[in-house]
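> Take a look at this one; I'll ask things after.
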Amino acid sequence: MSELAREIVDRLRSARGAPVSGERLGDELGVSRAAIWKGIVQLRRSGFAIEGAPRRGYVLVGEPETIVPAAIASRLTTRTIGRAIEWHDAVDSTNDLAWRRKGAGAPSGLVIGAEAQTHGRGRRGRHWASPRGLGLWFSLLLEPPLAGKDAPVLTLFAAVAVTQAVRSVSGLPAGIKWPNDILVHEKKVCGILVETSAELGRLTHAVVGIGLNVAVPEAALPPEARSRAASLEGLAERPIRRHDLLVTLLEELDHWYHRLVEAGPGPILAAARALSLTLGRPVRVHEASGAWDGEATGLADDGALLVKRSDGAVEAVYASEVSLRHG
Ligand code: BT5
């Protein structure tokens, strides 16, 4: 989107439905009415619904509902995340595409999203259902200036940002189930998949994949997930605009990413503790050798979950599956 088109849409948005004449836009932006008209045509092609004729004035009556990178970019104030955005109709997995982009001049903070994924991935090769247009399926390609040992904090960084964005856009009481799920009323609305590469003990790249259900019907979910998953619209009982949600998400991700880069893991860990649904709860830890029960008592500074066994011994859990127990 041109700088001019961006300025035009900003002004139409602030007019909140009142017509703004081409003449006034031209005067304010220091360009001819013909240039304004060209900008309007460009905006309409990008999916903005703009009504009106040059003499009466223009009214913004709708913003694109399919994700249009230019429309997202026009609303972002981020420093790193979303400075470049690619949005596809369908890809295998946005995480895989992000890895393929690495090195080919892709900037840190690149956002790669898709309306649908054919091979959306969860952890350990599990499938992630990503039906067309019904959620936000995207990945960030980052070059985090962090030590390899800090990689687990990247999952918490994304979890904190998503939780805050979901809370502010939907008003729902979202929280973090350690380490990579966002739940609302005990149902999973979002999963996070972080993959990293490192050299000489430092991270070189990270791909942070986020799958957020906006209006996924139960039938589109894998059978084992149906009773445990939900979507924001169903829970909030009102339409949620993916556009607004994505803008808020990218703003939160950028905010927390800079906190992490500038202040280290401390603030993220504090926020993750405050937003955690796992701490203080009875949990079951599933390990290759079998499952055991305990109580989640803390989140260690390296991102591990601290679980107290019935004999009082506290174990740091890094990669095992952890489920919440009731009672
Ligand atoms: C996750 O794995 O929760 C990480 C999901 C990350 C998805 C994003 S989408 C964009 C990016 N590109 C990718 O290819 N992936 C990332 P895990 O904790 O392993 O949970 C996977 C389990 O969640 C599955 O085995 C299902 O039971 C369940 N599941 C699958 N699709 C779901 C959905 N849409 N909503 C809720 N649960 C789902």
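The values are calculated or read from the model by the stated rules, or taken from the named source; none is laboratory data. Note that this is a predicted model, so its numbers are computed, not measured. A quick note on method: Cβ atoms are made from the backbone with ideal geometry, for glycine too, and the neighbour counts reach across all protein chains shown.
> When the residues of region 45-77 are narrowed to those that are surrounded by fewer than 20 Cβ atoms within 10 Å (Cβ to Cβ) and among the hydroxyl-bearing types (Ser, Thr, Tyr), which ends up nearest to residue 248 (Cα to Cα)?
77
> Looking at region 12-25 only, could you name the residues that are in a helix (DSSP H, G or I), surrounded by 17 or more Cβ atoms within 10 Å (Cβ to Cβ) and either in contact with a helix residue (DSSP H, G or I) (Cβ under 8 Å, 6 or more places away or on another chain) or polar (S, T, N, Q) (or both)? Spell out how you get there, then give the answer.
First, pick out the residues of region 12-25 that are in a helix (DSSP H, G or I): 12-14, 22-25.
Okay, now just the ones that are also surrounded by 17 or more Cβ atoms within 10 Å (Cβ to Cβ), so 12, 22, 25.
22, 25 - these are the residues of region 12-25 that are in a helix (DSSP H, G or I), surrounded by 17 or more Cβ atoms within 10 Å (Cβ to Cβ) and either in contact with a helix residue (DSSP H, G or I) (Cβ under 8 Å, 6 or more places away or on another chain) or polar (S, T, N, Q) (or both).
Conditions tested, residue by residue: (1) more than 30 Å from residue 145 (Cβ to Cβ); (2) of a type outside the set (A, V, I, L, M, F, W, C).
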residue: 243; (1), (2): yes, yes
residue: 264; (1), (2): no, yes
residue: 267; (1), (2): no, yes
residue: 279; (1), (2): no, no
residue: 282; (1), (2): yes, yes
residue: 289; (1), (2): yes, yes
residue: 309; (1), (2): yes, yes
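> Out of 121, 126, report the one residue that is touching a strand residue (DSSP E or B) at 6+ places or on another chain (Cβ under 8 Å) and either at pLDDT 95 or above or more than 11 Å from the ligand (Cβ to nearest atom) (or both). Can you show your working first?
Values: 126 fails: touching a strand residue (DSSP E or B) at 6+ places or on another chain (Cβ under 8 Å).
Only one candidate passes the filter, namely 121.
> Follow-up question, since we're still on this one. What tally of residues in region 82-104 results from selecting those that are away from the ligand (no atom under 14 Å from the Cβ), in contact with a strand residue (DSSP E or B) (Cβ under 6 Å, 6 or more places away or on another chain) and either within 22 Å of residue 251 (Cβ to Cβ) or in a loop (DSSP other than H, G, I, E, B) (or both)? I'd like the intermediate steps shown before the answer.
To start, the set of residues in region 82-104 that are away from the ligand (no atom under 14 Å from the Cβ) comprises 82-85, 89, 102-104.
From what is left, the residues that are in contact with a strand residue (DSSP E or B) (Cβ under 6 Å, 6 or more places away or on another chain) are 82, 84-85, 89, 102.
With the extra rule that they be either within 22 Å of residue 251 (Cβ to Cβ) or in a loop (DSSP other than H, G, I, E, B) (or both), the set shrinks to 82, 84-85, 102.
Total meeting the criteria: 4.
> Determine if region 200-217 includes at least one residue that is free of Cβ contacts under 8 Å to residues at least 60 places away in the same chain and under 17 Å from residue 323 (Cα atoms).
no
> Moving on to the next point. For region 219-244, which positions are more than 18 Å from residue 94 (Cα to Cα) and touching a strand residue (DSSP E or B) at 6+ places or on another chain (Cβ under 8 Å)?
Of everything in region 219-244, those that are more than 18 Å from residue 94 (Cα to Cα) and touching a strand residue (DSSP E or B) at 6+ places or on another chain (Cβ under 8 Å) turn out to be 221, 222, 225, 228, 229, 230, 231, 232, 235.
> Residue 46 fails exactly one of the following numbered conditions: (1) out of contact with any helix residue (DSSP H, G or I) (no Cβ under 6 Å at 6 or more places or on another chain); (2) away from the ligand (no atom under 13 Å from the Cβ); (3) of a type in the set (Gly, Ala, Ser). What is the number of that condition?
All conditions are met except number (1).
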